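> Mind having a look at this structure? Questions to follow.
No lab work stands behind these numbers, since they all come straight from the coordinates. What you see is a predicted model, and the numbers here were worked out from it, not measured in a lab. Note: ideal-geometry Cβ built from the backbone for every residue, glycine included; neighbour counts use all protein chains shown.
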């Protein structure tokens, strides 16, 4: 899920760069691909606390990604991001559920 989302973000950022929207593309690329990287890294956590910590970082990156996508969505002359926001909302819900379940 997060790996596929990262691939989607990479493609979207390439489209932004073609439109010379480099600053937003750079920020979105970093946060959007970091979600998957931290989720992936959580699979090799050294402890339950480390697992939760890495997923919390992924959740923070997801929240930042949402911010950049909303900025893009509400700015003039930027592509529509609603489909990405819907996909991201699903990721955020899954991360939240895993984190809350893991804390028990």
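> Run the numbers for residue 70 and residue 44: contour at 0.36 nm per residue of separation, minus the present Cα-Cα distance, in nm.
Extending this stretch completely gives an extra 6.2 nm.
> For segment 81-104 and segment 1-64, write down the distance between their C-alpha centroids in whole Å.
When both Cα centres are located, 13 Å separates them.
> Further question: Using a Gaussian network model of the chain whose springs link C-alpha atoms within less than 10 Å, name the residue from 62, 45, 25 with the highest mean-square fluctuation.
45
> What FRET efficiency do you get for residue 26 and residue 3 if R0 is 25 Å and r is their Cβ-Cβ distance, rounded to the nearest 0.05?
After rounding, the FRET efficiency stands at 0.75.
> Could you work out the per residue convex hull volume over the alpha carbons of the chain, in cubic angstrom?
Residue-normalised Cα hull volume stands at 79 Å³.
> What distance in nm lies between label points placed 7 Å from Cα along the C-beta direction at residue 18 and residue 104?
Modelled inter-label distance: 4.6 nm.
> Taking 7 Å along the Cα-to-C-beta vector as the label spot, tell me the residue 53-residue 80 distance in nanometres, rounded to one decimal.
For residue 53 paired with residue 80, the spin-label model returns 4.3 nm.
> By how many degrees, between 0 and 90 and to the nearest 10, does the Cα long axis of helix 22-42 differ from the longest principal axis of the chain?
Compared with the principal axis, the helix lies near 20 degrees.
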